[in-house]
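Colleague: Sending over a structure as structure tokens; questions will come in a sec.
Coordinate-derived values only; no laboratory data. Model, not experiment: these values are computed from the prediction. Glycine gets a Cβ as well: all are built from the backbone with ideal geometry, and neighbour counts include every protein chain shown.
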Amino acid sequence: MSYEISGPPLISPWMMLSMSEARTDIDETKIVIPGQPVCDAPQQFMRGHGTYTRDGEIVSSLSGVVQQLNRLLMVKTIKQRYAGEVGDVVVARVVEVQSKRWKCDVTSRLHANLPLGSVLLPGGDFRRKDVEDEEKMSEFLKKGELICAEVQQVQHDGTLMLHTRNNKYGKLQQGIMIKVPPHLIKKSKKHFHTLPYGMAVIIGCNGNVWVTPSLPETTVEEDGSHITEFQKVPQDVRLAMIRVAACIRLLRDYSIAIFLNSLTTCYEMSQPYDIKELSEQDTSSRLAYLIAARLMQEFSSQN
Amino acid sequence: MITGTIVAPGDKVLDRVGQYRLGNGLYEANKRIYSSIAGYVNIYTFKDKSDNLVQVIEVRRSTDPRENELLPYVGAVVTAKVMAVGLRFAKCDIIAIGDKVYKKRFSALLPKKKLRPLEPELSEPFKNFVRTNDYILAKVCEDVGIKDKFVLSIAEDELGVVLCRGKFGEAMKKVDWNTVISTRTGKTEPRKMAKVPQNCVLFNDDSSAMETDA
Amino acid sequence: MEVQISDDEKLFLIHGVESDLRNDGRSCEDFRPMILERGVLSGTNGSCRVQLGQTTDVLAGIKLELESFDTIAYPKPRQPIYFHVDFTANASTQFAGKGGDQYGEEVAAAFHAAYSRSLDFIPNLSKTLVAEGYRWKINMDVSILQWAGSFPDAISLAVIGALSDLEIPEVEVAPDDGGKVSVVLKRPRHGGNMRDEEVPVEMWKLDVTKCPLLLTVSKIGTANLVDCCPEEESCIRAQLLVGISQNPEEEKYDVTCVKQLGGGLLEMESVLEMIELAQKATKGIYEALAKRLKTEERRKPGHSFLL
Amino acid sequence: MPTIRSNLSIPLNELSRIADDQKEVDQTKQRDSSKFRPLCVKCGVFGTQDGSGYAEFGNTRVLAQIFGPDGDGKWEDSYAKITLNLKGVEDETKLAEYRAEIISCISSVIFVQKYPGKVIDIEITVISDDGGALSTALTAVSLALAHSGIEHVGLTTSAHVVLRNDEYITDPSTSESEGVIGGVTFSFVPNLGQSTGINLYGRVPIENVKNLLEFARQKAISLVPVIHKAIVKSVDEMK
């Protein structure tokens, strides 16, 4: 029965962390704002994304970090909509059922397409896609349902073509979904992590993190419907899931990169606190500071 | 509950489902069957696929089906106006069922394969059957592909165009079941006209105002 | 605001709520952390900003108006607080243009109903009746900056915060010719060279400890809960808006307004349970609010927008 | 019964024309506090096929009309949209309050999933308001709903009761509800025993809320036979 009305925090969460020395990976000189010249000798460099030429000088058209790729100069913004690459694992929500495909929201500039052809249909993979399948499309995947898929192809205008032709992809059952800015997701090969605390996490590259009791082994039944078991999630698994969800939200608020290691350290460090306290101002800032310090220490000890 | 008893919405019709199958006008709440509209209880039996007798119970507002259904139902004969003609579909607006006119119209589709009986895909263009702004008499039918819109069909003889206007808005007179003639220019145009029974004359020549004195 | 979540997520959420453990770790009777800050808008007589769980964001401002009214038409003293709620387009796309007006009117009407007896809760409110035919009119404007669930609770906190921040100038009433009355600001007698205008006017404040608090209690599955986030709001069966205030005389509580919204059916006992839950929640919030209003520091307006 | 074939086809004797002020005269004999004011309800007022209902409690008269599920280009969701046009309420905030209350009551009663993508228009005209306008409107709408043939959970009855220094009064007119501690409009589906709308106002101590609601519920139940008879009569006339 906690009611806690407090005044506004003295300084905002992410400011608190940047004041500490944990933030050393970006050196100040490289940050540019629109209209600021990017380099001093414009002739040797080629002009890349996010820049334009104004009377002979390369000037930045975005606010972000200058990146140099041997002779190519480009400005990469920090907060950006998700631009997919082939092979990315994404967690997407079906927005619309169209004649031969599903339109899914992957929080990128355009909705992604999931063609009927690249979905595991009941009765194995070799059946010809006939008209009857088109009618029963909304039975496989309804509007608003969550799926986990892999980017098969990026079209010229940036729309992504997804596919779920693998047992670990497909419709997601019970669980919690947390939206995170995509730039916080650290590039890693493994996206499906079964944590030792009795639950699993799918970290989508597009910034959707899915916490679930068990990884979606989509065993497709003969009669075509995904096995939908509606039994209640046991209480201890639910507690673990909610604690991990709270940890992810904490990492997001303090813009700490999200990957397996940061999740597990945050989970262990949050043990002494109640889940409710993780979203409160003072405990979360103290915790975030400790986590950042621990991660920096591990990072420097590795290389 | 014997048939014919009058029921107000919310009245208990049955204590439990028993051997009846629920028709429309009824709903089930905590294991009891209540009526959801005001009307008469009606029990009828029909043979289903494995030909055993099935008793269906329903609540009907009146014997005439048109009175029961608020929305165009499958099998209803409706008057509609053709709004646009596409390649495979003609977009129409359902105006009325019998004499019940809808304030805002329902959008419906008239697929090309439903223009003439028994020929699935026919080569003739839409033009020979229906054109935009024609008023047609059509039957609502079931089509698996389209779920949200109504699907119309003018496959039978007594369905088809009822009233159409020429290029200058002049009335067109019916010559025979598939041609009409313009009362001003005398040009003939192909149309699939509805064979309307004789007692209701479509319209008289002089006044262009449309009154059906059925 | 329509948040799309799938049936499986809803099922998970409903099971959680029924076992008193919500998706963000709260129990059914817990509120999200609330941030209340007064004196946010400098151009108003009283203002307050409330943030509920870093998502719902509400801004309330009061403008005072000296209103002359016809004493024959309104012999009895009327409550002087007039509410106006508007939903800014950035709260959610559906409120762009005229979308939010109808909804805003309905929320304002609910607050009018809850505050209809405010002359009894706020003891010195009758002091706003300045003279025969003149009274202070309190125009309360609330704008919803961010929409993320349970905004009536945030509005009622903002309203009480703004009322506690409100300063009403003292006035002197001098009879004028023709039965008219001239109302003059009362300035304390100041020697010295200060010109009359700079002398600070005496102000008085309302005692808002007994103001009604409007809470939404929602029913999901078989559990009643307060302060729902958008995901929970998409699985709500029925909602009850309950306005409760403290009885000025004894330590009792009065229900000033109950409204069933959200288009759902409710059993009789669950209605009483929900009112019971609302009363418990109000008691807790009153204490937290009283503690908060006492520790209010002076800070320049608009600071919290700089964060 | 001589009925005038106007668009308002209420039989003459039901429209008992008593001038309003003359009504005040026999108000003085103290009305039993548990009785409703003289009421007249009619299901299916106009000749047209669409659902219409009329309810009159004492001098409060409300007319409701429902235009059945109609096509509407812009609305594609999987349930029906309900639009309400409330006329005749002068006070601006009362109008907004009543509109929210009525829409919430109706959408909890109609099976909106059965008319996907359709719009149901409701027109309510408060002809004269002498207290209890909201509960009269809800009764009129419930009758109109029964007459319109739209599928819904069942007839709803609603009652307006007030609490005046620990004495409960049923269905007070504006003159009777002077100096009242508080009151509630309670609307209720008798066959499921669940409430569809509650609108409590005033300042009711928390322990009285329970028996105020209970009293209102009893009064709403006592209205059920009247409404039921009106609906059954309208089905007869339909034949």
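Colleague: Step through the residues of region C:106-111 one at a time and calculate ³J(HN,Hα) from phi using the Karplus curve (6.51 cos²θ - 1.76 cosθ + 1.60, θ = phi - 60°), rounding each to whole Hz and writing x for Gly and Pro.
Modeller: 5, 5, 4, 4, 4, 6
Colleague: Within 10 Å of each Cβ in D:200-213, how many Cβ atoms from other chains are there, averaged over the peptide?
Modeller: Numbers: counts 10, 11, 7, 13, 5, 6, 10, 2, 2, 10, 5, 0, 1, 5.
Average neighbour count from other chains, rounded to a whole number: 6.
Colleague: On to the next question. Tell me which of C:Phe69, C:Cys257, C:Ala148 sits at the most positive position along the dipole axis of chain C, charges placed on C-beta atoms (Lys, Arg +1; Asp, Glu -1).
Modeller: C:Phe69
Colleague: Further question: For C:Asp70 and B:Ala84, what is the calculated FRET efficiency with R₀ set at 56 Å and r taken between the beta-carbons, to the nearest 0.05?
Modeller: Numbers: r = 61 Å, r/R0 = 1.08.
Step by step, r from the Cβ atoms, then E = 0.40.
Colleague: Take the Cβ-Cβ distance between B:Phe168 and B:Cys141 as r, set R0 to 35 Å, and report the resulting FRET efficiency rounded to the nearest 0.05.
Modeller: Details: r = 35 Å, r/R0 = 0.99.
Between B:Phe168 and B:Cys141 the formula returns 0.50.
Colleague: Compute, for chain C, the length of the dipole vector about the Cα centre, with Cβ point charges of +1 (Lys, Arg) and -1 (Asp, Glu) only. Units Debye, rounded to 20.
Modeller: On the way: 33 positive and 48 negative charges, 183 e Å.
Magnitude of the dipole: close to 880 debye.
Colleague: Could you tell me the calculated FRET efficiency between B:Asp157 and C:Leu272, based on Cβ-Cβ distance and R0 = 56 angstrom, to the nearest 0.05? Numbers along the way, then the final one.
Modeller: Values: r = 66 Å, r/R0 = 1.18.
Efficiency, from the Cβ-Cβ distance: 0.25.
Colleague: Would you mind telling me which residue in C:Asp86, C:Asp153, C:Asp165 has the biggest mean-square fluctuation in a Gaussian network model of chain C, where springs connect alpha carbons within a distance under 10 angstrom?
Modeller: Among C:Asp86, C:Asp153, C:Asp165, the largest GNM mean-square fluctuation belongs to C:Asp86.
Colleague: Just order B:95-104, A:104-113 by mean Cβ neighbour count inside 10 Å, highest at the front, would you? Don't skip to the answer; put the middle values down first.
Modeller: Values: B:95-104: 13.8, A:104-113: 20.0.
Packing order, densest peptide first, comes out as A:104-113, B:95-104.
Colleague: Got a sec to turn the phi values of region D:138-151 into Karplus ³J(HN,Hα) couplings, 6.51 cos²θ - 1.76 cosθ + 1.60 with θ = phi - 60°, whole Hz, x for Gly and Pro?
Modeller: 4, 5, 4, 5, 5, 5, 4, 5, 5, 6, 7, x, 6, 6
Colleague: Shifting gears a bit: 7 Å from Cα along Cα→Cβ at both D:Cys40 and D:Tyr79: what's the point-to-point distance in nm?
Modeller: Distance between label points: 3.8 nm.
Colleague: Sticking with this structure for a sec: Each label point is 7 Å from the Cα along the Cα-to-Cβ direction; what then is the distance between the points at D:Val226 and C:Asp20, in nm?
Modeller: About 4.5 nm, to one decimal.
Colleague: When the dipole is taken about the Cα centre of region D:130-239, and only Lys, Arg (+1) and Asp, Glu (-1) are charged at their Cβ, what size is it in debye, to the nearest 20? Spell out each step's value before the answer.
Modeller: On the way: 8 positive and 11 negative charges, 52 e Å.
Approximately 260 debye in magnitude.
Colleague: Principal axes first, then extents: for the Cα atoms of region B:6-66, list largest minus smallest coordinate on each axis, whole Å, largest first.
Modeller: Here the spans come out as 34, 31, 13 Å, largest first.
Colleague: Give me a comma-separated list of calculated 3J(HN,Hα) values for region D:199-216, in order, Karplus coefficients 6.51, -1.76, 1.60 applied at θ = phi - 60°, integers in Hz, x for any Gly or Pro.
Modeller: Couplings: 9, 9, 9, x, 9, 9, x, 5, 7, 7, 4, 4, 6, 5, 5, 5, 4, 4 Hz.
Colleague: Please report A:Tyr52, C:Tyr253, D:Tyr79, C:Tyr115 as a ranked list, fewest other C-beta atoms within 10 angstrom at the top and most at the bottom.
Modeller: Listed from fewest to most nearby Cβ atoms, that is A:Tyr52, D:Tyr79, C:Tyr253, C:Tyr115.
Colleague: Which distance in nm do the two modelled labels at B:Glu189 and A:Asn166 give, with both placed 7 Å along the Cα-to-Cβ direction?
Modeller: With each label placed 7 Å out from Cα toward Cβ, I get 6.0 nm.
Colleague: Apply the a/c threshold of 1.5 to the C-alpha gyration tensor of region B:42-90 and tell me whether it is rounded, prolate or oblate. Write out the running numbers ahead of the final one.
Modeller: Numbers: a/c = 5.18, a/b = 1.87, b/c = 2.77.
In terms of gyration-tensor shape, oblate.
Colleague: May I ask you to order C:135-146, D:83-94 by the average number of other C-beta atoms within 10 Å around their residues, highest value first? Could you put the intermediate results ahead of the total?
Modeller: Values: C:135-146: 20.2, D:83-94: 14.9.
Peptide ranking by packing, descending: C:135-146, D:83-94.
Colleague: Need one value for B:98-108: mean number of C-beta atoms belonging to other chains within 10 Å of its residues' C-beta atoms. Intermediate results must be reported in sequence, preceding the final value.
Modeller: Values: counts 0, 1, 4, 1, 5, 8, 8, 4, 6, 4, 1.
Mean inter-chain Cβ contacts per residue within 10 Å come to 4.
Colleague: For the peptides A:261-271, C:55-65, what is the packing order when you average, over each peptide's residues, the other Cβ atoms within 10 Å and list the highest mean first? Each step should come with its number before you reach the end.
Modeller: Details: A:261-271: 17.5, C:55-65: 20.7.
Going by the mean number of other Cβ atoms within 10 Å, highest first, we get C:55-65, A:261-271.
Colleague: Per residue of A:89-101, what is the mean number of Cβ atoms on other protein chains within 10 angstrom of that residue's Cβ?
Modeller: Other-chain Cβ atoms within 10 Å of each residue's Cβ, averaged: 1.
Colleague: Now for a separate question. Students often get this wrong: which residues of region A:276-290 have the backbone nitrogen under 18 Å from the point 7 angstrom along Cα-to-C-beta of A:Leu239?
Modeller: The answer is A:276-279.
Colleague: Okay, moving on. Just need the relative contact order of region B:6-66 here, percent rounded to a whole number, with Cα pairs under 8 Å and 6+ apart.
Modeller: Numbers: 122 pairs, mean separation 21.9, N = 61.
RCO, region B:6-66: 36 percent.
Colleague: Under 24 Å from the Cα of C:Lys252, which lysines turn up, not counting those fewer than eight places away in the same chain?
Modeller: C:Lys252 reaches C:Lys210, C:Lys280, C:Lys283, C:Lys291, C:Lys294, D:Lys210.
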